[in-house]
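Visitor: To start, I am sharing the structure in question, which I have written as structure tokens.
The values are calculated or read from the model by the stated rules, or taken from the named source; none is laboratory data. Since the structure is predicted, the reported quantities are computational estimates derived from the model, not experimental observations. Here the Cβ is made from the backbone with ideal geometry for all residues, glycine too, and neighbour counts use every protein chain on show. The accessibility values were calculated without ligands, DNA or RNA, using every heavy atom of the protein model including side chains. Shrake-Rupley method; radii C 1.70, N 1.55, O 1.52, S 1.80 Å.
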Amino acid sequence: IGTGSYTIIAQTAAEMLGVPLAHVEVKLGDSDFPVSAGSGGQFGANSATAGVYAACVKLREQAVARLGLAGEAEFVDGAVRVAGRSLPLAQAARDGELVAEDVIEFGDLAKKNQLSTFGAHFVEVAVDAVTGETRVRRMLAVCAAGRILNPKAARSQVIGSMTMGVGGALMEHLVVDQRMGFFANHDMATYEVPVHADIPHQEVIFLDEEDEYSSPMKAKGVGELGLCGVAAAVANAIYNATGVRVREYPVTLDKLLDKLPPV
């Protein structure tokens, strides 16, 4: 669905089996496949890659046995290396394909350890003293989310979430006609969302950390981390600029104008 699942799942398999990323094909979204966590609630990436990791561990065991090797194996550059011997990984599948499945279950882990992600959002805004119009000038997100599996994809997800936060803070509002019982702004022509001109410089910092409890990948999630807190940071910045505290989103002109200090 555009959250980078194909990429990080392929990365995991490629790293575990010592093959180039181009040699890994990922297939998702078919009811014939093993069940997965899906994408949502910040658990998609970590759960899916942990499952792939577990399956690859079994696949590695099968490959080592098929090649007639014994001992601690290293999978590097398309080869399996054990105790000074090196054989092509492809040789393990010459007599038939290798198939492995495994699962990852959290069990009671969440009852014993705090597995949350942590982050902070900083926003600078400018508010016109006469019209009350608000412009977001700069945005910064600082995130602690375990091992970042793909920095580029993670950054893209966070700045997308930050953009959503600006929309929620300043413009997005679903208007319900309470007499007729329908949504008055039910299309993209009348439901306002941010455009490029609304979004300023965005910066994302990922703290260097690994969570040894969360999964074999030592990762967590970044989806909601990039969104939660953005709208509050915008509203707080508006308060800091004007002295007007608005407690209902979106922070539109009608909620500011009559409370602005005299110019």
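Visitor: Listed residues R81, R60, R94; which is surrounded by fewer than 16 Cβ atoms within 10 Å (Cβ to Cβ), more than 28 Å from the chain's Cα centre (by Cα) and not assigned by the TED database to the domain that holds S215?
Guide: Within the list R81, R60, R94, the selection yields R94.
Visitor: Here's a follow-up. Could you tell me whether D108 is open to solvent by 30 Å² or more (accessible area, probe 1.4 Å), within 25 Å of P34 (Cα to Cα) and among the charged types (D, E, K, R)?
Guide: On the way: open to solvent by 30 Å² or more (accessible area, probe 1.4 Å): yes; within 25 Å of P34 (Cα to Cα): yes; among the charged types (D, E, K, R): yes.
When the stated conditions are applied, D108 passes them.
Visitor: Which residue pairs have Cβ atoms closer than 7 Å, lie 6 or more positions apart in sequence or on different chains, and pair a first residue in the range 127-152 that is under 27 Å from S116 (Cβ atoms) and among the aliphatic types (A, V, I, L, M) with a second residue that is open to solvent by less than 10 Å² (accessible area, probe 1.4 Å) and part of a strand (DSSP E or B)?
Guide: What qualifies is L149/A219.
Visitor: Could you please tell me which pairs satisfy a Cβ distance under 7 Å, a separation of 6+ or placement on different chains, a first residue in the range 42-66 that is within 15 Å of A90 (Cα to Cα), and a second residue that is at pLDDT 90 or above and open to solvent by less than 10 Å² (accessible area, probe 1.4 Å)?
Guide: A63/V80; A63/A92; V64/V80; V64/V82; R66/A92
Visitor: Restricting to the range 184-241, name every residue that is assigned to a loop (DSSP other than H, G, I, E, B) and among the hydrophobic types (A, V, I, L, M, F, W, C).
Guide: Scanning the range 184-241 gives A184, M188, A189, V193, V195, I199, L207, M217, V222, L227, C228.
Visitor: Something else now. Tally the residues that are farther than 23 Å from G146 by Cα and assigned to a loop (DSSP other than H, G, I, E, B), restricting the search to the range 19-58.
Guide: 14
Visitor: So which pairs qualify, if the first residue must be in the range 80-93 and on the phi > 0 side of the Ramachandran plot and without any contact (Cβ under 8 Å) to a residue 24 or more places away in the chain, the second must be open to solvent by less than 90 Å² (accessible area, probe 1.4 Å) and of a type in the set (A, V, I, L, M, F, W, C), the Cβ gap must be under 9 Å, and the two must be at least 6 apart or on different chains?
Guide: A83/L69; A83/A70
Visitor: Cβ-Cβ below 8 Å, separation at least six or inter-chain, first residue in the range 100-112 and under 9 Å from A55 (Cβ atoms), second not in a helix (DSSP H, G or I): which pairs?
Guide: E101/P34; V103/P34
Visitor: What do you reckon, is I199 of a type in the set (V, I, T), open to solvent by 30 Å² or more (accessible area, probe 1.4 Å) and within 13 Å of the chain's Cα centre (by Cα)?
Guide: So I199 does not fit the description; no.
Visitor: Only one of (1) within 18 Å of E210 (Cβ to Cβ); (2) open to solvent by less than 30 Å² (accessible area, probe 1.4 Å) fails for N150. Which number is that?
Guide: For N150, the exception is condition (2).
Visitor: Also, I was wondering about something else. Whether any residue in the range 133-144 is farther than 30 Å from A197 by Cβ, surrounded by 13 or more Cβ atoms within 10 Å (Cβ to Cβ) and in the same structural domain as A233 (by the TED database) is what I want to check. Show your work before the answer.
Guide: To start, the set of residues in the range 133-144 that are farther than 30 Å from A197 by Cβ comprises 144.
Applying the additional criterion that residues be surrounded by 13 or more Cβ atoms within 10 Å (Cβ to Cβ) yields 144.
In the following step, the residues that additionally are in the same structural domain as A233 (by the TED database) were identified as 144.
Taking every residue of the range 133-144 in turn, at least one turns out to be farther than 30 Å from A197 by Cβ, surrounded by 13 or more Cβ atoms within 10 Å (Cβ to Cβ) and in the same structural domain as A233 (by the TED database).
Visitor: Considering only residues of the range 242-257 that are charged (D, E, K, R) and part of a helix (DSSP H, G or I), which is farthest from T131 (Cα to Cα)? Please lay out each step first, then the result.
Guide: Initial filter on the range 242-257 (charged (D, E, K, R)): 245, 247-248, 254-255.
Of the ones still in play, those that are also part of a helix (DSSP H, G or I) are 254-255.
On the way: D254: 10, K255: 12 Å.
Once the filter is applied, the top-ranked residue is K255.
Visitor: If the Cβ limit is 9 Å and pairs must be 6+ apart or interchain, which residue in the range 157-172 that is over 14 Å from I238 (Cβ atoms) and touching a residue at least 12 places away in the same chain (Cβ under 8 Å) pairs with which residue that is outside any helix (DSSP H, G or I) and among the aromatic types (F, W, Y)?
Guide: Note: pairs meeting the criteria are V158/F206; E172/Y191; E172/Y249.
Visitor: Please specify each residue of the range 34-57 satisfying the condition of being among the β-branched types (V, I, T), open to solvent by 40 Å² or more (accessible area, probe 1.4 Å) and modelled with pLDDT of 90 or more.
Guide: V57, the sole residue that qualifies.
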